[in-house]
Every structure is written in structure tokens, then in C-alpha cells.
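Below is one structure, written out as C-alpha cells, with a few remarks after it.
The values are calculated or read from the model by the stated rules, or taken from the named source; none is laboratory data. As the structure is a computational prediction, the values presented were derived from the model and not from experiment. As a convention, Cβ positions derive from the backbone with ideal geometry for all residues, glycine included, and neighbour counts pool all protein chains shown. Heavy atoms of the whole protein, side chains included, go into the accessibility calculation; ligands, DNA and RNA do not. Shrake-Rupley method; radii C 1.70, N 1.55, O 1.52, S 1.80 Å.
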Amino acid sequence: MAMGSTTYEWILDHEFAGKDPAEWKWPYEIPSWVFTHRQLSVVSGAPIEFTSADVAAVHEAMTDAAGDRNVWIVGGGDLAGQFADAGLLDEVIVSIAAVTLGGGAPLLPRRIELRLDELGWNGDFACASFTVVRENERARPRAS
């Protein structure tokens, strides 16, 4: 799993609010990489590696750790966009909760061509699964 520092700090704020850091238990057993240039609080014993390296440089370690499972990029669109820029993003799964906002940040802060594969719901969330369309796939018709 990979995430940026904002997502990591959101997890800390929501999972561990009011708890002594000695009581923190990371909610994921899978190895996680936090992409950051800052010094962040550490969850003792958690399988987390902090890195400021380029996503392509870390990708091999992530895929090795994932084995036959998918590599999960969670949180903000900028990190997902960095993986897309490196040609390392295959699928985007978005959960959308209805909320009224006066503004906000774009889901992905760069142009990534996506093809909608599946649309459904999970409780109050709309869920959409997209395939990232690569440059060499743009002229191909979609299989039915």
C-alpha cells in the first residue's frame, strides 16, 4: 500500500485521536509506504516505510511485498497521478459520498484518460471502477 503524508496523517487523526502513541496499533498488516518529505509521527511496530523517493524507484519493492495481490495506492490524486505518469497505474477505484461543498480539489490533478468498467454502490457510497487507458490502447475499440 502507498499513501501520501496527508492520508497518513488523516489515519493517525481518525484512528488514534486522544490515544497515547504507545497504544497505537496500525490498522493494516500489509507493508505500507508513505511518500513524504516531512518528518512524521511513527506507529511503533507498524510495517511502514517513509520515503521521499520517486514512485518508480519504490514500485519494485511494493510489488515484491504485494506478491500476487494488487498494490493499493490510497488517498490523494497527486500520488496516484505520479504512478500514472510513470506508467504504473492500471486501475482507479473511486468511492463517492454525497456531500454539498462550495469547492474542492480535483480527484486527479492531471489529465489521465480513464475507461469506466463498473459502477455500483456500497451503502451510501457510489463506487466506480476505471481502467487507465494507455497511449497505445487509445485507438483500440472497447471489448464487450
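Listed by position, the strands (runs of 3 or more DSSP E) enclosed by the range 1-114 include none that has at least 3 residues that are open to solvent by 70 Å² or more (accessible area, probe 1.4 Å), on the phi > 0 side of the Ramachandran plot and at pLDDT 90 or above.
Taken over the range 126-144, the residue count meeting the criterion of being modelled with pLDDT under 85 and surrounded by 12 or more Cβ atoms within 10 Å (Cβ to Cβ) is 1. Cβ-Cβ distances below 8 Å connect the following pairs, each with a first residue in the range 29-43 that is farther than 25 Å from N70 by Cα, a second residue that is in a loop (DSSP other than H, G, I, E, B), and a separation of six or more residues or different chains: H37/S52.
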